[in-house]
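Worksheet: the structure to be examined is printed underneath.
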Amino acid sequence: MTSTIESSTYRQILGHYPTGICAITAIQENGTPTAMIVGSFTSVSLDPPLVAFLPSKTSSSWKKIEGCSGFCVNVLADEQEDLCRTLSSKDPEKFKDVPHHLSKSGTPILDGALAWIDCKFHDIHEAGDHYIAIGEVRELDIHHSGTPLLFHKGAYGKISPLL
C-alpha cells in the first residue's frame, strides 16, 4: 500500500521532535574501522540489555557495518558537530584521523563521546525503507559528563537548561 503522505511534509513535521546523535562504529573483517551517524537510537530491553538503531536500507555505511560481528554506539557530545559531519561523509577514508580506542571486543570507541555502548548483533528486522538493528549490550560506560549533540528542525543544536 502506498502512502498518501508526502515525504517532505513527513520530514517537516517529525523534524519538530529533537533527536540525539550517535555514531555507530565497527571494525570490518579486513580490520578497517567504519562508522555511520544515526538519530534513531533507543533502548529496547533491560533484561536482556538490548538497544536499537534504524539504518536506511540504502546506506552504504550500513552495508559495511551489518557484516561486522558487533558495533559500538557512541553518544556524541555537543562540541562534536565537526566529527559528526566527518563520519556522515561519503569519504572512504573518513575514519583516518578520528581519535579513538578499541573496546574489549574490538569496536571503536570515539574519544570525546559522552558515552559508549558496545554490542553484538542480536537481530535485524525490515521496517519500510529502514532496518531495525538490535544489539545485545556487552559493555558500556560514560566517557565524560557533558551535553549531547542534537538535531532539530534540520539543524544541529544542544540542550539549554530551563531556568
Margin query: Between GLU139 and ASP78, what is 0.36 nm times their sequence separation minus the Cα-Cα distance? Round to one decimal in nm.
Written below: 19.6 nm
Next item on the list: DSSP loop (so not H, G, I, E, B), at most 14 other Cβ within 10 Å: list which GluC sites (Glu not before Pro) in the range 97-163 pass both filters.
Entry: none
Notebook entry, point to check: When only DSSP loop residues count, what trypsin sites (Lys or Arg not before Pro) in the range 127-163 have their Cβ near at most 13 other Cβ atoms within 10 Å?
Noted result: LYS153
Notebook entry, point to check: Can you work out the base-10 log of I(q)/I(0) for the range 39-115 at q = 0.23, 0.27 1/Å, using the Debye formula on its C-alpha atoms alone?
Noted result: -1.50, -1.68
Next item on the list: Please give, to one decimal in nm, the separation of the simple spin-label points placed at HIS16 and LYS63, each 7 Å out from Cα toward the Cβ.
Entry: 3.7 nm
Note to self: Using only the alpha-carbon atoms of the chain as identical scatterers, what base-10 log of I(q)/I(0) does the Debye formula give at q = 0.12, 0.21 Å⁻¹?
What the structure shows: -0.53, -1.54
Next item on the list: Could you tell me, in Å, what Rg and Dmax come out for the Cα atoms of the range 1-80?
Entry: 15.1, 44
Checklist line | Hits among aspartates and glutamates - C-alpha to C-alpha of LYS104 under 14 Å, sequence gap 8 or more where chains match | finding: ASP118, GLU139, ASP141
Check: From the cross-link list LYS64/LYS120; LYS90/LYS158; LYS96/LYS153, which pairs have alpha carbons spaced over 22 Å apart?
Finding: LYS90/LYS158; LYS96/LYS153
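For the range 9-53, what does the alpha-carbon gyration tensor say about shape, rounded, prolate or oblate, given a ≥ b ≥ c as the root eigenvalues, a/c under 1.5 as rounded, and a/b over b/c as prolate?
Here the range 9-53 falls in the oblate category.
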Next item on the list: Report the GluC sites (Glu not before Pro) located in the range 29-101 that are in a DSSP loop and have at most 13 other Cβ atoms inside 10 Å of their Cβ, or state none.
Entry: GLU29, GLU79, GLU93
Note to self: If I model a spin label at SER89 and ILE5 as a point 7 Å from the Cα along the Cα→Cβ vector, what separation in nanometres do I get?
What the structure shows: 3.4 nm
Notebook entry, point to check: If you stretched the chain out fully between ASP123 and HIS152, how much longer would it get, using 0.36 nm times the residue separation minus the C-alpha to C-alpha distance?
Noted result: 7.5 nm
Check: Listing ILE37, ILE5 from the residue with the fewest other Cβ atoms within 10 Å to the one with the most, what is the order?
Finding: ILE5, ILE37
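A short reminder: the numbers here are calculations on the coordinates, not readings from a lab. Remember, predicted model here, so these are calculated numbers, not experimental data. Note: ideal-geometry Cβ built from the backbone for every residue, glycine included; neighbour counts use all protein chains shown.
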